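These notes are about the structure you will find just below.
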Amino acid sequence: MRRLPLVLAACAGLTACGPSLPKSVNADGLKVDIGRVMGDDFTCVILVDKASGREVFKSGLNQSCRNAYPACTSPGEITAYDLAKSAAKGAAVATGCQSVSWAAGAAGKGPYAYAAVMYGKRALPGMEMTRRLDAVFSNNGL
């Protein structure tokens with residue numbers, strides 16, 4: 001029982017040491033701006049640290065980010081997290097098919113990459129997602 005506080009403190013310490021958004025970026029403001037230009041809860045945007053691939057920010061429902069959708073550019077299905085791993089390694093995507101659209105690439109000029117998915121009748125084309133997200137990232141200091 002005495003070990004539990006130590007384990008929790010160690011876990012909290014590890015999380016605090018991981019990559020995160022710069023202090024100059026307001027995460028709540030970033031979420032609001034993404035919601036304004038991208039739309040509903042079936043949109044997921046994940047920012048990852050390019051060096052480690054670790055998530056530093058997420059906008060959207062967990063379900064939207066974890067659901068597997070058609071990859072569009074290859075056979076099979078992927079999740080936004082799968083695409084985020086590729087984006088961290090330099091992949092750039094702007095595509096769509098079957099009521100799903102994908103966008104991924106560098107998030108501004110800094111150490112971050114992003115992956116985004118929209119699903120449903122109102123899914124924007126991948127190139128439009130990219131254009132809108134690039135503006136949001138730039139306007140929020142990324």
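Bear in mind that the values in this text are calculations on the coordinates, not laboratory data. Since the structure is predicted, the reported quantities are computational estimates derived from the model, not experimental observations. Reconstructed Cβ throughout: ideal geometry from the backbone, glycine too, with neighbour counts over all protein chains shown.
Some points to look at:
- Placing pseudo-labels 7 Å out from each Cα toward the beta carbon at residue 32 and residue 82 gives an inter-label distance of 3.5 nm.
- Spin-label model distance (nm) - residue 41 vs residue 95, 7 Å beyond Cα toward Cβ: 2.9
- Lysines with Cα under 16 Å of residue 85, excluding same-chain neighbours fewer than 8 positions away: 50, 58
- Legend: P(r) of the chain from all alpha carbon pair distances, 5 Å bins from 0, whole percents, reading 2, 11, 20, 22, 19, 11, 7, 5, 3, 1, 0.
- 5 Å binning of all Cα-Cα separations within the range 76-115, expressed as whole percents from 0 upward: 6, 26, 33, 20, 10, 4, 1
- Long-range amide H partners of residue 54 with built H, under 5 Å: 49
- J(HN,Hα) series, the range 54-63, from Karplus relation 6.51 cos²θ - 1.76 cosθ + 1.60, nearest Hz, glycine and proline x: 7, 5, 10, 6, 9, 10, x, 5, 3, 4
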